[in-house]
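One structure is given below, encoded as structure tokens.
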Amino acid sequence: MKIQESGENYLETILILENKNGTVRSIDVANELSYTKASVSRAMSILRQAGHLTMERDGRLLLTDSGRAIANRMYERHQMLTEFLITLGVSPDTAAADACRIEHVISGESFDKIKEHAQKAQIKK
């Protein structure tokens, strides 16, 4: 089952918050994304049903292997695309916003080629 862009964003946000704070609860995701608690609760339910995360009795959200793989892929794309766009002269804010949209629609093949090009360009500096 293909995960939707919003689901990818939620998983990526959980990963980022986990790395920053250690533990993550739905309220943390709601605060980070400026979404309502009800919207986040619904999304977490969908992601749990899809097998991408679990919720502990104390409310902690834990990424499953599949959820972590998706989150890591989105985070890598976001970081690399942001840096690449900045090297092209795009402002950091615009680069981050554009990368957030691009990361969800770019094919694996195209991303790999952009990543390869960016790494080669970095070596030449």
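Things to note:
- Gyration tensor over alpha-carbon atoms, the chain, equivalent ellipsoid semi-axes in Å: 29, 15, 13
- The simple Förster model, with R0 at 35 Å and r as the Cβ-Cβ distance, assigns A38 and K120 a FRET efficiency of 0.15.
- The stretch between L62 and N21 holds 13.5 nm of extra length on full extension. This uses 0.36 nm per residue minus the Cα-Cα distance.
- Prolate/oblate/rounded label for region 5-69 (Cα gyration tensor, a/c 1.5): rounded
Every number here is computed from the coordinates shown, using simple stated rules; none is lab data. Not measured: the values here are computed from a predicted model. For neighbour counting, all protein chains shown are included, and Cβ atoms are generated from backbone atoms with ideal geometry for every residue, glycine included.
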